[in-house]
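J.: Here you go, one structure.
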Amino acid sequence: MQATTTSDLLRQVRNQIRENNSNGITDQEILDTLNRGQNKAVEVLTRNWIYNYLAQETITTDVNGMFKIPEGARGNRIVNVEVTSGTSSGVYRTYSLKKLNYKNVSQYKNVNSSSKYPSFYSVQGREATVYPQVVCDVSITYVRNPEKIVKDAGYIYEIVPKTIEEYDLVVPITSFNGILSDTSVMIDWQDTNFASYFSDLLNAVSGKKLVECRNGNNTFCIVRFDSVDSSGELVNPDISFDNGSTYTTLDAVDNFIPQSAIKTLKQSRQVLDYILVSEYDSEEIKKSDSYAKESYFNIVDSQTGLVKVSLQASPTSEPDSVTGQFKLYPMDPYKQKVLNRPISSPTSLDMDDLGFEDDDKLCSTYGSSVLEIDTIMENFIIQYAVTEIRRSLGNQDMVSEVNMLSQFEKDIKRAHSNRDSSRRVQLKTSTFVKGRYRYNLIR
């Protein structure tokens, strides 16, 4: 089944309100109402069935037994706190802590205990404390917020890889044996003395090699020989600076102290080079401003709406004249985390374990462009947006809209039906009270 995207939601809302003026209601106004509807739907759903929005995180308490509730917890709503305890015999046991009422917290504060593990916890605002107040690892289960609904920015047409090579240090070079002097001179790289200096070193190292010669503070590459297999290739080689320029002769540097090495190829691996994007929206992902949050983007699962990875768009991204698609180049991110999302480096994304695939959706880093749990939530969210927009336009006959919205809300409340539940039947009828039989006397 095809998942519901933001474009689908916008189209269906506009169809329902029968908008005559296409400029009357903006996409952002509809998105605002859709997000309010989603928040309402999640609140109704999680009161009856929380499992679709549960998340877990392991946190270490401080010396006072306190920890901060994860920022993604909806309304600071913790549903379980677990601790794993161990014994000297190596037996481990995981158990849940009991939640204290705020009236009972004082009797457990600052209580000396020989136990390394707590038994209770309490919540105060955005923080919680375990008792006894000890340092330990706690596993927090909480109700998370849904991803914010944002506009589509395109979808992945093709993932294009590139090969990078990683080298290991084999032989450090401590001197150029007088070939480079303390004065600025022109070097003839066809000089056999230069090649012979490296001859023994190079021939002693098997496999594909790389020779790097850097200046004293190891910041500026004086010369770099790529893919050298033998010392004979040092005669009239291509010599390149870090900026990629190539030279056949090179000025020496005053007081040159080589911080250089001969390295051998460690491994070659394929990583992400760029993403070929269809229907790219440059307003949602602004690759030209690397300091803006809009330069970061999410890759979203096309079926579940969950964010798979977040990247930053490189300014080198450009339209592809061959395919007509957009070549979106990821870059090493300026910030490692944006809006509490970790931002990945493209060189860390091996093609064998990429995490995303063709047809996955792209959107801004503010949320997701695919609706989660769409089969349950879609009708309510659309009807909520339609009701809100019609009310804002001054429509008088709202009874049918409100009734329809109420019916969809009932459907969400019943979403947990026919799903397994951890609840047990409580004997609280007029016949049985707390396990005892009651005689209903007729008087």
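J.: Out of Tyr366, Tyr291, I need the residue that is part of a loop (DSSP other than H, G, I, E, B) and within 29 Å of Ile50 (Cα to Cα). Which one? I'd like the intermediate steps shown before the answer.
T.: Numbers: Tyr291 fails: within 29 Å of Ile50 (Cα to Cα).
Exactly one of Tyr366, Tyr291 is part of a loop (DSSP other than H, G, I, E, B) and within 29 Å of Ile50 (Cα to Cα), namely Tyr366.
J.: Against the conditions (1) at pLDDT 85 or above; (2) loosely packed, with under 14 Cβ neighbours inside 10 Å; (3) farther than 18 Å from Asp374 by Cβ, where does Asn15 fall short? Just the number, please.
T.: Single failed check for Asn15: (3).
J.: Evaluate the stretch 329-340: report whether one residue or more is in a strand (DSSP E or B) and more than 22 Å from Ile164 (Cα to Cα).
T.: Going residue by residue through the stretch 329-340, those that are in a strand (DSSP E or B) are 330-331, 337-338.
Okay, now just the ones that are also more than 22 Å from Ile164 (Cα to Cα), so 337-338.
Checked against the condition, which is being in a strand (DSSP E or B) and more than 22 Å from Ile164 (Cα to Cα), the stretch 329-340 yields at least one hit.
J.: Okay, next question. More than 23 Å from Ile164 (Cα to Cα), at pLDDT below 95 and hydroxyl-bearing (Ser, Thr, Tyr) - does that describe any residue in the stretch 295-318?
T.: Looking through the stretch 295-318, at least one residue is more than 23 Å from Ile164 (Cα to Cα), at pLDDT below 95 and hydroxyl-bearing (Ser, Thr, Tyr).
J.: Which residues, taken from the stretch 42-75, are in contact with a Phe, Trp or Tyr (Cβ under 7 Å, 6 or more places away or on another chain) and part of a helix (DSSP H, G or I)?
T.: Of everything in the stretch 42-75, those that are in contact with a Phe, Trp or Tyr (Cβ under 7 Å, 6 or more places away or on another chain) and part of a helix (DSSP H, G or I) turn out to be Val42, Thr46.
J.: Please specify each residue of the stretch 332-350 satisfying the condition of being modelled with pLDDT of 90 or more and among the β-branched types (Val, Ile, Thr).
T.: Listed by number, the residues that qualify are Val338, Ile343.
J.: Now, a different point. Go through Asn20, Asn35 for me and flag whichever is modelled with pLDDT of 90 or more and either over 32 Å from the mean Cα position of the chain (by Cα) or in the same structural domain as Ser392 (by TED's automatic domain parsing) (or both).
T.: Numbers: Asn20 fails: modelled with pLDDT of 90 or more.
Sole residue among the options that is modelled with pLDDT of 90 or more and either over 32 Å from the mean Cα position of the chain (by Cα) or in the same structural domain as Ser392 (by TED's automatic domain parsing) (or both): Asn35.
J.: What is the one condition in (1) free of Cβ contacts under 8 Å to residues at least 40 places away in the same chain; (2) in contact with a Ser or Thr (Cβ under 9 Å, 6 or more places away or on another chain) that Tyr329 does not satisfy?
T.: That leaves (1) as the condition not met.
J.: Select from the stretch 132-175 the residues that are more than 29 Å from Ser295 (Cα to Cα), among the hydrophobic types (A, V, I, L, M, F, W, C), touching a strand residue (DSSP E or B) at 6+ places or on another chain (Cβ under 8 Å) and at pLDDT 90 or above and list them in ascending order.
T.: Correct list: Val135, Cys136, Val138, Ile140, Val143.
J.: Conditions first: (1) surrounded by 20 or more Cβ atoms within 10 Å (Cβ to Cβ); (2) within 14 Å of the chain's Cα centre (by Cα). Lys327 passes all but one, so which condition is the exception?
T.: (2)
J.: So, Asn52, is that one over 22 Å from Thr129 (Cβ atoms), at pLDDT below 90, loosely packed, with under 15 Cβ neighbours inside 10 Å and out of contact with any helix residue (DSSP H, G or I) (no Cβ under 6 Å at 6 or more places or on another chain) or not? Steps first, answer last, please.
T.: On the way: over 22 Å from Thr129 (Cβ atoms): yes; at pLDDT below 90: yes; loosely packed, with under 15 Cβ neighbours inside 10 Å: no; out of contact with any helix residue (DSSP H, G or I) (no Cβ under 6 Å at 6 or more places or on another chain): yes.
So Asn52 does not fit the description; no.
J.: Also, I was wondering about something else. In the stretch 102-140, how many residues are part of a loop (DSSP other than H, G, I, E, B), closer than 28 Å to Gly72 by Cβ and aliphatic (A, V, I, L, M)?
T.: Residues meeting the conditions: 3.
J.: Can we say Glu284 is over 15 Å from the mean Cα position of the chain (by Cα) and free of Cβ contacts under 8 Å to residues at least 24 places away in the same chain? If you could, list the steps in order and put the result at the bottom.
T.: Working: over 15 Å from the mean Cα position of the chain (by Cα): yes; free of Cβ contacts under 8 Å to residues at least 24 places away in the same chain: no.
Criteria not met by Glu284.
J.: Cβ-Cβ under 8 Å, sequence separation 6+ or interchain: first residue in the stretch 97-114 and touching a residue at least 40 places away in the same chain (Cβ under 8 Å) and closer than 16 Å to Val135 by Cα, partner among the acidic types (Asp, Glu) and surrounded by 10 or more Cβ atoms within 10 Å (Cβ to Cβ). Which pairs?
T.: From the stretch 97-114, the pairs are Leu97/Glu82.
J.: Could you run through the stretch 350-364 and say how many residues are surrounded by 21 or more Cβ atoms within 10 Å (Cβ to Cβ) and more than 13 Å from Asp301 (Cβ to Cβ)?
T.: Residues that pass the stated criteria total 1.
J.: Taking Asn395 as the residue in question, decide whether it is over 28 Å from the mean Cα position of the chain (by Cα), exposed (fewer than 13 other Cβ atoms within 10 Å of the Cβ) and farther than 30 Å from Arg269 by Cβ.
T.: Details: over 28 Å from the mean Cα position of the chain (by Cα): yes; exposed (fewer than 13 other Cβ atoms within 10 Å of the Cβ): yes; farther than 30 Å from Arg269 by Cβ: yes.
Taking the combined requirement at face value, the residue satisfies it.
The values are calculated or read from the model by the stated rules, or taken from the named source; none is laboratory data. Note that the coordinates shown come from a computational prediction; the quantities given were computed from them, not determined experimentally. Don't worry about glycine lacking a Cβ; one is built from the backbone with ideal geometry, like all the others, and counts go over all protein chains shown.
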